[in-house]
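To start, the structure itself, in structure tokens.
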Amino acid sequence: MPDLLIELLSEEIPARMQGRAGADLKKLVTDGLVEAGLTYASAEAFATPRRLTLTVEGLTAESPTLIEERKGPRVDAPEKALDGFLRATGLSKDQLEARDDKKGQVWFAKITKPGRPAAEIVAEVLETAIRTFPWPKSMRWGAGTLRWVRPLHGILCILTDTASGTAVVPLQIDGLVAGDATVGHRFMAPDGFAVSGFDDYVAALKRARVMLDPAERANHIRHDAANMAFAQGLDVVEDAGLLAEVAGLVEWPVVLMGPIGEEFLNLPPEVLQTSMREHQKFFSVKNPKSGRIEKFVTVANVETADHGATILSGNRKVLAARLSDAKFFWENDLRVANAGMAPWLDSLENVTFHNKLGSQKARIDRIAALASEIAPLVGADPELAEQAAQVAKADLSSEMVYEFPELQGTMGSYYARAAGLAPEVAAACKEHYSPLGPSDDVPTAPVSVAVALADKLDTLTGFWAIDEKPTGSKDPFALRRAALGVIRLLLENGRRLSLAKVAARGYAGCFTAAYCNTAIAESDDRGNLINYRPKEPEESVVSDLLSFFHDRLKVFLRDEGIRHDVIDACLALPGNDDLTLLVTRARALSAFLRTEDGGNLLQGFKRSNNILTQAEAEDGVAYEFGPDIKFAESDEEKALFAALDSAEVAIEGAIAAEDFASAMAAMASLRAPIDAFFEAVQVNAENQIVRRNRLNLLHRIRQICLSAADLTRIEG
């Protein structure tokens, strides 16, 4: 069974495309081979800036011979029908076989498709893969029609078998002829060399200064950078995204470390790190004692006689120019911050947040008012929360954030401190954007929590007010992320608030005379506005937004193993706009249903509910009157009366105290009496008084169980 090796050599492939390209090459080729009848043991793809490589091991030497049976026309069919069938099958009439069928005798054809050698199939599959390769962007060059991400220079395609040796797959695409040779590093080993298999190929590339595996290149960079920093008592700042990108920029990584100019060391570390990462693809090296960024690590693609001294010198000059700009922005921004940030806040009046929701300044005013109302509910000082909300987005007008938008919030915290504002306000400037994703930390400081909630709730209520909701997979304003942020802020901080009330307040705050035509306005005879007030929020809008939160909550709790029907069972109870209370209920119910008592009680409840529902439908009456123990005939029936009395008191007390675990435990005590009741008693007794009393007893079971959760919504 031969092994297949493919290499597509080209000009530099953008780092962001390499991982996907390797996966696409593997899928296109292996899927094509399998569809053509070949099988294989394993396949693996690799990518460097100049080459895509695929190795397929244990490939079958040829496709199997296939025999296909095809049904044709009836034996007595017209000659034209038979001629068409013969042309389609490529057979003659004497090669057909007549067989009995439901409607008489019918012609059958046996078509034999002989197997084909692997080389022939590989050539077809690879040419198709190259011509249809799904690059995000591609180009044509020269006079050919072939498109590739960058000009394609060479194709290596060989089959290696222990018995027959190495054979080149015959393939030619737009003048490129497949062979068994490749080249090494563009500068250090540009000469070509032939290879005889994958192991030989990897070893030869290594000698020619090319590391084929991107994971090996990344590990080499990480290891060398960490060792260099450790030798000087420093630490490399972890940056997985930058590491993956840099590993895709070089075929032979050479790690170099250099100092940052003294005049830049007092810049905020986030500024240094962002500037070096975005502009130069440098790693930051910090002093663990001071936390300052003091050096940088760059990765060259070539070894030099001076051990990188010339490269470092050039990089330092370019870096100094970049950091000079950052220093200029920082110093200008500090002057504005020291003066109280008023010019920044005023300029936001001219920045539109949304054409139906007003300016950024108008939005900030809404967030500040909402944060002040939310603050007492999360243990924050209302005045501090309002102040923090007023300045939290001021840095959007700063020069530094204009240059590096990803530093919004971070720079705001520095500027708030420079303005002499309280530490809680400075922290809220940075933290109010969080959490940005499922792995992002959630702020815990009360002022930060208040502003973060107000920010996200204003976004949600605003876009709901103008009917700009997520549809399908489209969510241009990241409203799902905002809802998940609200959920995590409340749950992970254990905070309680009524989302319906806050949403109604946020909804009303979104309407301004300048930007919303659904407000109520009165004018004088000359058309001047004399009275303006927002419309009261439509109940359906708030209800719809609450449903959106509940849907996001189901997704969030799915990872905990809490089923959607369990959440639905709790949503049917009062207070479902308090997400913390709702989740506490759902967790208690979920844990209860996983127990033996919980599962059995659920079946007992469903049996009671089904019998009662059917009887009410047939009789046309509701059995909602209290049952009387004097009509109980059996000990099991009397025991159920006593158990319901005890459980009802316990469940009501536990729910009032919001001790849902105890409520579920009290409900579990009903399992045995209900089971015994159904074992010993026939509900639909012949005595109508007894029957009615027992149906009323079932109603009491239903009501007591429904007081803890709507078990009718539980599946199974």
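The values are calculated or read from the model by the stated rules, or taken from the named source; none is laboratory data. Bear in mind the structure is a predicted one, so any value in this text is a computation, not a measurement. Cβ sites come from the backbone with ideal geometry, for glycine too, and all protein chains shown count toward neighbours.
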*Answer from Leu33, Leu38, Leu25, Leu52 - the residue that is of a type in the set (A, V, I, L, M), in contact (Cβ under 8 Å) with a residue 40 or more places away in the chain and in a loop (DSSP other than H, G, I, E, B)*: Leu38
*asked:* Of the residues Val351, Val318, Val299, only one is surrounded by 17 or more Cβ atoms within 10 Å (Cβ to Cβ) and either aliphatic (A, V, I, L, M) or over 18 Å from Leu267 (Cβ atoms) (or both); which?
replied: Val299
*Are any residues in the range 473-488 of a type outside the set (D, E, K, R), assigned to a helix (DSSP H, G or I) and under 13 Å from the mean Cα position of the chain (by Cα), and if so, which ones?*
Leu484
*Test set (1) of a type in the set (A, V, I, L, M); (2) touching a helix residue (DSSP H, G or I) at 6+ places or on another chain (Cβ under 6 Å); (3) more than 12 Å from Leu323 (Cβ to Cβ) - Ala305 fails condition number*: (2)
*Quick one: is Glu7 in the same structural domain as Leu176 (by TED's automatic domain parsing), charged (D, E, K, R) and assigned to a strand (DSSP E or B)?*
yes
*From Glu715, Glu658, grab the single residue that is outside any helix (DSSP H, G or I) and on the phi > 0 side of the Ramachandran plot.*
Glu658
_Among the residues of the range 46-82, what is the count of those that are closer than 30 Å to Leu212 by Cα and among the β-branched types (Val, Ile, Thr)?_
5
_Exclusive hit being surrounded by fewer than 15 Cβ atoms within 10 Å (Cβ to Cβ), among the charged types (D, E, K, R), assigned to a helix (DSSP H, G or I) and at pLDDT 85 or above, set Asp568, Asp551_ = Asp551
*Answer with yes or no whether Pro438 is assigned by TED's automatic domain parsing to the domain that holds Leu491 and touching a residue at least 60 places away in the same chain (Cβ under 8 Å).*
no
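Here's the yes/no breakdown for (1) at pLDDT 95 or above; (2) over 29 Å from Leu384 (Cα atoms); (3) touching a strand residue (DSSP E or B) at 6+ places or on another chain (Cβ under 8 Å):
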{"site": "Ser439", "(1), (2), (3)": "no, no, no"}
{"site": "Ala445", "(1), (2), (3)": "yes, no, no"}
{"site": "Asp458", "(1), (2), (3)": "no, no, no"}
{"site": "Leu497", "(1), (2), (3)": "no, no, no"}
{"site": "Glu522", "(1), (2), (3)": "no, yes, yes"}
{"site": "Ile530", "(1), (2), (3)": "no, yes, yes"}
*Restricting the search to the range 581-616, which residues are without any contact (Cβ under 8 Å) to a residue 60 or more places away in the chain and β-branched (Val, Ile, Thr)?*
Thr613
*Those residues that are surrounded by fewer than 23 Cβ atoms within 10 Å (Cβ to Cβ) and in contact (Cβ under 8 Å) with a residue 12 or more places away in the chain, I need them from the range 414-425; list them, please.*
Ala418, Ala419, Leu421, Ala422, Glu424
_Can you tell me how many residues within the range 382-394 are out of contact with any Phe, Trp or Tyr (no Cβ under 6 Å at 6 or more places or on another chain) and farther than 16 Å from Ala452 by Cβ?_
1
*asked:* Between a residue in the range 664-691 that is farther than 28 Å from Glu652 by Cβ and any residue that is part of a helix (DSSP H, G or I) and of a type in the set (A, V, I, L, M, F, W, C), which pairs come within a Cβ distance under 9 Å, given they are 6 or more apart or on different chains?
replied: Asn684/Ile611; Asn684/Ala615; Asn684/Leu695; Asn687/Phe631; Ile689/Phe631; Val690/Phe631; Arg691/Ala615
*Kindly establish whether Ser608 is under 27 Å from the mean Cα position of the chain (by Cα) and closer than 20 Å to Leu670 by Cα.*
no
*asked:* Can you report the number of residues in the range 362-380 which are of a type outside the set (A, V, I, L, M), under 10 Å from Pro446 (Cβ atoms) and surrounded by 24 or more Cβ atoms within 10 Å (Cβ to Cβ)?
replied: 0
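Rundown of residues vs (1) of a type in the set (A, V, I, L, M, F, W, C); (2) at pLDDT 95 or above; (3) in contact with a helix residue (DSSP H, G or I) (Cβ under 6 Å, 6 or more places away or on another chain), yes/no style:
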{"site": "Gly340", "(1), (2), (3)": "no, no, no"}
{"site": "Leu348", "(1), (2), (3)": "yes, no, yes"}
{"site": "His354", "(1), (2), (3)": "no, no, no"}
{"site": "Leu357", "(1), (2), (3)": "yes, no, yes"}
{"site": "Arg363", "(1), (2), (3)": "no, no, no"}
{"site": "Ile367", "(1), (2), (3)": "yes, no, yes"}
{"site": "Gln387", "(1), (2), (3)": "no, yes, yes"}
_Residues that are in the same structural domain as Leu460 (by TED's automatic domain parsing), part of a helix (DSSP H, G or I), more than 15 Å from Met341 (Cα to Cα) and not basic (Lys, Arg): does the range 386-399 have at least one?_
yes
*Tell me, which residue of the range 276-313 that is among the small types (Gly, Ala, Ser) and more than 19 Å from Phe187 (Cα to Cα) is nearest to the chain's Cα centre (by Cα)?*
Ser284
*Tally time: how many residues in the range 213-254 are outside any helix (DSSP H, G or I), of a type in the set (A, V, I, L, M, F, W, C) and either closer than 14 Å to Val299 by Cα or not assigned by TED's automatic domain parsing to the domain that holds Leu272 (or both)?*
5
*Sole exception among (1) at pLDDT 95 or above; (2) closer than 18 Å to Ala167 by Cβ for Ala61, by number*: (1)
*So, of the residues in the range 327-369 that are closer than 17 Å to Ala419 by Cβ and not in a helix (DSSP H, G or I), which turns out to be nearest to the chain's Cα centre (by Cα)?*
Met341
*Can you give me the number of residues within the range 64-88 that are basic (Lys, Arg) and surrounded by 15 or more Cβ atoms within 10 Å (Cβ to Cβ)?*
1
*Return the total of residues in the range 597-633 being in a loop (DSSP other than H, G, I, E, B) and either surrounded by 14 or more Cβ atoms within 10 Å (Cβ to Cβ) or at positive phi (or both).*
5
*Quickly run through the range 185-206 and pick out the residues that are closer than 14 Å to Val250 by Cα, surrounded by 14 or more Cβ atoms within 10 Å (Cβ to Cβ) and in contact (Cβ under 8 Å) with a residue 40 or more places away in the chain.*
His185, Arg186, Met188
*Before we move on, is Ser634 out of contact with any His (no Cβ under 7 Å at 6 or more places or on another chain), over 20 Å from Val690 (Cα atoms) and hydroxyl-bearing (Ser, Thr, Tyr)?*
no
*Only one of these is part of a helix (DSSP H, G or I), out of contact with any strand residue (DSSP E or B) (no Cβ under 8 Å at 6 or more places or on another chain) and either of a type outside the set (A, V, I, L, M) or over 18 Å from Leu571 (Cα atoms) (or both): Ala685, Ala676. Name it.*
Ala676
